[in-house]
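J.: I'd like to ask you about the structure that follows.
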Amino acid sequence: MAATLLARPLGRRTARRAGPSWQRGHGRIALVFLAPALIGFAVFYLVPTVRGLWFSFTDYNLLSDPAVVGLDNYGEVLSDQVFWNALKVTGVYVVFNVATQTVLALGLAVLMERLTRSVMIKAMVLLPWLVPNVTIALLWMWLLDTNVGFVNHVLEQIGLAKQGFLFSPDQSILTIASINTWRHVGYTALLLFAGMQLIPRHLYEAARIDGAGEWRTFQRITLPLLRPVLALVLVVSLIGSFQIFDTVAVTTEGSPVNASRVIYYYIYEKAFTQFEFGYASAMSVFLILLLVALTLLQMRLLRASTSDLA
Amino acid sequence: MRKNPARLLAWAGLLAALAITLFPFWWMVRTALTGNAHLFNGSYSLLPDDPTMINFERILGLASPEEARAAGGTSASMDFWRYLQNSVVFAAAVVAGQVTFSAMAAYAFARLRFRGRDVLFYLFLSTMMIPPIFTVLPNFVLIKSLGGVNTFWGLVAPYFFMTPFAVFFLRQFFLSVPGEIEEAAGLDGASRWRIFWQVVVPMNRGPLVTLAIITAVQTWNEFLWPLLVAKQENVRVLTTAMAIFQQQTPNATPDWAGLMAGATLAVLPVLLLLILFGRRLVDSIRFTGIK
């Protein structure tokens, strides 16, 4: 498809011979510039997307050829209790993660904005986000260890009971969400901080002259004017959050029972431990629909907020 | 003056946030420097009781199996030195290919006129919405059928040619290069190819370096794809090696000291990058939000 789009101008290049080449159409040279990216795009993005869709209508276990089963996979997904549970668990994860992360990041961004311009501090705040998920997961698994973990030691010191955290059915998914909140707060804070730089200084000065306190300034100036950036950050976090996989794969592998079996991990299990590629693809299609809905929401929010800026 | 207590409180809050951010890393290094024997003796002092490099020696394959067992590790050899090298090769290959080819494509989208350009660009953009898990399944089938499982090329291939984000990111910067500079070069008889390499690329060194850093970090952190296609020792990367290391002791207590030594090795290059490119990284963060 992409190749035909480009091939057309090539056929008419004789008409363009006259005149400096840089002013004319660039079909031929464009193809040179685009060739590697087009190959990559076609082979690893476009074709797999179509192929994944095709898999979702088949029964495919990698060993024999895919057998077309129509909408059977979709029907099975809809009546799969584990799928619905995975969606619920993912939902709990996303809401808890995005809410805590955004609120804490907002606080951190305001503190940085008020107190310091230090690149050192920003770099330190960013560190967890730069470190592999796997490392973070192992690090917190160790800190939260039931018997010898540092956190449970502290809890005991202040007279509280030890907690199961990752391995408690009630706490498992919230613990994973908290770990990733910890990982992303600094990053999110820097995004919001960048947004705060766009707020005109004189508004703060005017507020100070009017005798407005910090809290009032935050409520009346920072928060409303940050809304467009905040909306963007929220939805980007939301979409990223839905794709939680690494932390679960390293720490709980979905346990206890299904308490932390998020949708991404369930799809992975179906595909790569049970080799039900068709079924896994059908679930991915549902996930895409969900994410597209969120993206549309994002665009709506963004459009709504641009009018606010004017 | 009346503002001082509030300001002090704010600083306390910021320092507390920094402490919570950094303490886990301190504890990681502290654990890595503690022998397994001392790890469970009930001491939670902030400094290692009897500092030792044995954990690093064990996971880097520098200690003998007997020494490793004596230090409380598994006798299975963990050759983290090799995984570290593999991760570096993986990240370097992806950065080299992806940044070069994405830059070329971004230039075509930003500066060249050809039929179907906008349609093609929106097609590129629209795939940013598709979650990786969806394309990972067919990509795995493809790489497997081509014999790319447990090879470097199979590991690198899907990231090598482009990502929609990289093209989108660079196109923004190329669009803002004044067209007159290129026109002048064009009138002097320079070809588009030369203009790109000798004018556009040097002028956009900043964004290109930024993209290279972001790509390097992301590749360094990649987990799912290496988990699927790089299972064997010869291509295993650091992230999957750590996950495997942890799962090797499913019922017994994990070898925490060894694991934290491995974790420290995974953090060091990131720390180095942060020290070298701190300001650039911090400044580039706002661009990643569109991802």
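Computed from the coordinates by the stated procedures, all read-outs in this text should not be read as laboratory data. Fair warning: this is a prediction, and the values are worked out from it, not measured in the lab. We place every Cβ from the backbone using ideal geometry, glycine too, and count neighbours over all the protein chains shown.
J.: From the backbone phi of segment B:118-126, what are the Karplus-calculated ³J(HN,Hα) couplings (6.51 cos²θ - 1.76 cosθ + 1.60, θ = phi - 60°) in whole Hz, Gly and Pro given as x?
T.: With coefficients 6.51, -1.76 and 1.60, one gets 5, 4, 4, 5, 5, 5, 4, 4, 5 Hz.
J.: Hey, what number do you get for the protein assembly as shown at 222 nm if only DSSP H runs of n ≥ 4 count, each worth -39500 (n - 2.57), divided across all residues, to the nearest 500? Provide the component values of the computation, followed by the final result.
T.: Numbers: 30 runs with 414 residues, N = 601.
Dividing the helical sum by the residues of the protein assembly as shown leaves -22000 deg cm²/dmol.
J.: Among B:82-92, A:275-285, what's the highest-first ranking by average C-beta atoms within 10 angstrom per residue? Spell out each step's value before the answer.
T.: Working: B:82-92: 19.6, A:275-285: 24.2.
Highest to lowest by the protection proxy: A:275-285, B:82-92.
J.: Separate question: Expressed in nm to one decimal, what extension gain is obtained for the pair B:Arg286 and B:Asp118 from 0.36 nm per residue of sequence separation less their Cα-Cα distance?
T.: On the way: separation 168, 0.36 × 168 = 60.48 nm, distance 2.54 nm.
Additional length available on full extension: 57.9 nm.
J.: Partner chain Cβ atoms within 10 Å, averaged over the residues of B:93-105 - can you pull that number for me? Before the final figure, lay out the partial values.
T.: On the way: counts 0, 0, 0, 0, 2, 3, 0, 2, 8, 3, 2, 7, 9.
If you average over the peptide's residues, the count of other-chain Cβ atoms is 3.
J.: Per 5 Å bin from zero, what fraction in whole % of the C-alpha pairs of segment B:80-229 is there, up to the bin with the longest pair?
T.: For segment B:80-229, the binned pair fractions read 2, 9, 16, 19, 17, 14, 10, 7, 4, 2, 0 percent.
J.: Here is a further query. May I have the convex hull volume per residue, in Å³, for the Cα set of chain B?
T.: Working: hull volume 60.5 nm³, N = 291.
With only Cα atoms used, chain B gives 208 Å³ per residue.
J.: Take the Cα atoms of the protein assembly as shown, find their three principal axes, and give me the spread along each one in whole Å, biggest first.
T.: That gives 84, 75, 51 Å along the principal axes, largest extent first.
J.: Moving to a separate point now. Taking the Cα-to-Cβ direction at A:Arg300 and at B:Ala10 and moving 7 Å from each Cα, how far apart do the two end points lie in nm?
T.: Reported label-point gap for A:Arg300 and B:Ala10 is 3.7 nm.
J.: Please give the charge dipole size of chain A, origin at the Cα centre, charges +1 on K and R Cβ atoms and -1 on D and E Cβ atoms. Round to the nearest 20 debye.
T.: Details: 23 positive and 17 negative charges, 413 e Å.
Roughly 1980 debye for chain A.
J.: Let me ask something else about it. From the C-alpha gyration tensor of segment A:55-156, pull out the three semi-axes of the equivalent ellipsoid (sqrt of 5λ each), sorted largest to smallest, in whole Å.
T.: Values: eigenvalues 357, 83, 54 Å².
Ellipsoid semi-axes (Å, largest first): 42, 20, 16.
J.: Report ³J(HN,Hα) in whole Hz for each residue of segment A:154-161, in order, from the Karplus equation J = 6.51 cos²θ - 1.76 cosθ + 1.60 where θ = phi - 60°; Gly and Pro get x.
T.: 5, 4, 5, 4, 9, x, 9, 7
J.: Name the residues whose placed amide hydrogens come within less than 5 Å of the amide hydrogen of B:Ala63, ignoring near sequence neighbours (fewer than 5 apart) on the same chain.
T.: For B:Ala63, whose amide H was placed from the backbone, the distant partners under 5 Å are B:Arg58.
J.: Could I ask something else about it? Set the Förster radius R0 to 25 Å, insert the Cβ-Cβ distance between B:Lys231 and B:Leu268 as r into 1/(1 + (r/R0)^6), and round the FRET efficiency to 0.05.
T.: Working: r = 25 Å, r/R0 = 1.00.
Rounded to the nearest 0.05, the efficiency is 0.50.
J.: Ranked from highest to lowest mean number of other Cβ atoms within 10 Å per residue, what is the order of the peptides B:102-115, A:49-62, A:75-88?
T.: Values: B:102-115: 23.6, A:49-62: 18.8, A:75-88: 14.9.
Answer by packing, highest mean first, reads B:102-115, A:49-62, A:75-88.
J.: Using a 7 Å offset from the Cα along the Cα-to-Cβ direction at both B:Val89 and A:Val32, what is the distance between the two label points in nm, to one decimal?
T.: So the two model labels end up 3.3 nm from each other.
J.: Which whole number gives the average, over all residues in B:136-149, of C-beta atoms from other chains lying within 10 Å of the residue C-beta?
T.: On the way: counts 8, 17, 12, 7, 5, 9, 5, 1, 1, 1, 0, 0, 0, 0.
Partner Cβ neighbours, averaged per residue: 5.
J.: On full extension of the chain, what length is gained from B:Ile244 through B:Phe152, given 0.36 nm per residue of separation minus the C-alpha to C-alpha distance? Don't skip to the answer; put the middle values down first.
T.: Details: separation 92, 0.36 × 92 = 33.12 nm, distance 1.91 nm.
Roughly 31.2 nm would be gained on extension.
J.: Rounded, prolate or oblate: which fits chain A, taking a ≥ b ≥ c as square roots of the Cα gyration tensor eigenvalues, rounded meaning a/c under 1.5, else prolate when a/b beats b/c? Numbers along the way, then the final one.
T.: Working: a/c = 2.23, a/b = 1.13, b/c = 1.97.
Oblate, because a/c is 1.5 or more while a/b does not exceed b/c.
J.: Is segment A:32-94 best put as rounded, prolate or oblate by its Cα gyration tensor, with a ≥ b ≥ c the root eigenvalues, rounded for a/c under 1.5, and otherwise prolate when a/b is larger than b/c, oblate when not?
T.: Verdict is oblate for segment A:32-94.
J.: Run the simple label-point estimate for B:Lys144 and A:Gln219 please: 7 Å along Cα→C-beta, distance reported in nm.
T.: Rounded to a tenth, the inter-label distance reads 5.9 nm.
J.: Here's another thing I want to ask about it. Rounded to whole Å, give me the distance from the Cα center of segment B:1-48 to that of segment A:257-280.
T.: 38 Å
J.: Tell me which residues come under 5 Å, amide H to amide H, from A:Asp59 once H is placed; ignore anything under 5 positions away on its chain.
T.: Excluding prolines and chain starts, which carry no amide H, the hits are A:Ala67, A:Val68, A:Val69.
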